[in-house]
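Would you mind keeping the following structure in view while I ask a few things?
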Amino acid sequence: MLDRRKLLSEIFRFILVSGISFSIDAGVYLGLTTQLDIDGSWAKRISFACVSVWGFFAHKHFTFRHRAFNRSEPIRFACIYLTGWVLNSLVYDGTIALDQSAKPAFLLATFAWACWNFAGQKWFVFREPKTNT
């Protein structure tokens with residue numbers, strides 16, 4: 001059974017970590033493109049990799065307060081992040097195809113990605129170990 005307070009606390013921490021992740025992503029991207037003159041596509045790939053590594057540890061230890069370690073966690077996290085990235089892209093492209101408006105498409109895609117990412121991390125990546133009761 002879900003503890004509502006625990007779930008709300010995790011959602012709040014998830015939003016906080018995601019906001020910091022966005023800042024890191026934007027900062028690395030802007031630094032690489034403006035200061036080092038790196039191509040935008042490569043800068044975005046590098047910034048995504050940086051924020052993915054940071055996000056793994058931040059969500060594991062802060063958002064979900066998951067102390068145990070399983071070698072499959074980074075692989076499961078990468079699967080959730082990459083499938084979320086595909087979902088984000090598909091929702092964005094589909095929304096743009098419907099109404100040609102970038103802001104709603106961006107917001108809807110980001111919301112879909114965030115929901116996918118939260119649920120995947122909570123119930124697939126950093127799931128509570130099963131106890132025999």
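Laboratory data are not the source of any read-out in this text; all were calculated from the coordinates shown. From a predicted model like this one, the values you see are computed outputs, not experimental measurements. As a convention, Cβ positions derive from the backbone with ideal geometry for all residues, glycine included, and neighbour counts pool all protein chains shown.
Nearest 10 degrees is fine. How inclined is helix 4-30 to the longest principal axis of the chain, computing both from alpha carbons?
That works out to roughly 30 degrees.
So, one more: May I ask you to work out the translational diffusion coefficient for region 70-133 at 25 °C, viscosity 0.890 mPa s, via Stokes-Einstein with Rh from the Kirkwood sum over Cα pairs, reported in whole µm²/s?
Diffusion coefficient, whole number: 190 µm²/s.
Apply the Debye scattering formula to the chain, with a single equal point scatterer on each alpha-carbon and no solvent, then give log10 I(q)/I(0) at q = 0.11, 0.12, 0.14, 0.15 Å⁻¹.
Taking Cα atoms of the chain as identical point scatterers yields -0.46, -0.54, -0.71, -0.81.
A further question follows. Which order do peptides 73-81, 35-43 fall in by mean Cβ count within 10 Å, highest first?
Details: 73-81: 16.6, 35-43: 11.0.
With the highest mean Cβ count within 10 Å placed first, the list reads 73-81, 35-43.
Let me check against my output: what whole-number percent is the relative contact order of the chain, with C-alpha pairs under 8 Å and at least 6 apart? Write out the running numbers ahead of the final one.
Working: 91 pairs, mean separation 29.2, N = 133.
Here the relative contact order equals 22 percent.
Here's something else I'd like to know. Could you work out the helix-only [θ] at 222 nm for the chain, with each DSSP H run of four or more residues adding -39,500 (n - 2.57) and the total divided by the number of residues, to the nearest 500 deg cm²/dmol?
-24500 deg cm²/dmol
Give me the count of lysine pairs in the chain whose alpha carbons sit under 26 angstrom apart, restricted to pairs 8 or more positions apart or on different chains.
8
May I ask for the angle, rounded to the nearest 10°, between helix 102-120 and the longest principal axis of the chain, with both axes built from Cα atoms and the value confined to 0 to 90°?
That works out to roughly 30 degrees.
Still on this structure, I have one more. Give me the angle, in degrees from 0 to 90, between the Cα long axis of helix 73-99 and the longest principal axis of the Cα atoms of the chain, rounded to the nearest 10.
That works out to roughly 50 degrees.
What per residue convex hull volume, in Å³, comes out for region 1-65 when only alpha-carbon positions are used? Kindly include the intermediate steps, with their values, before the conclusion.
Numbers: hull volume 4.7 nm³, N = 65.
It is 72 Å³ per residue.
Mind pulling up the Rg/Rh value for region 36-106? Radius of gyration and Kirkwood radius, both on Cα.
With Rg and the Kirkwood Rh in hand, the quotient comes to 1.09.
Test of understanding: ordering L32, L7 by Cβ neighbours within 10 Å, fewest first, what list do you get?
Ranked by crowding around the Cβ, least crowded first: L7, L32.
Which ordering of T34, T95, T63, T110 is given by a fewest-first count of other beta-carbon atoms within 10 Å? Display every interim value, and only then the final one.
Details: T34 10, T95 19, T63 23, T110 15.
Placing the least packed residue first, the sequence is T34, T110, T95, T63.
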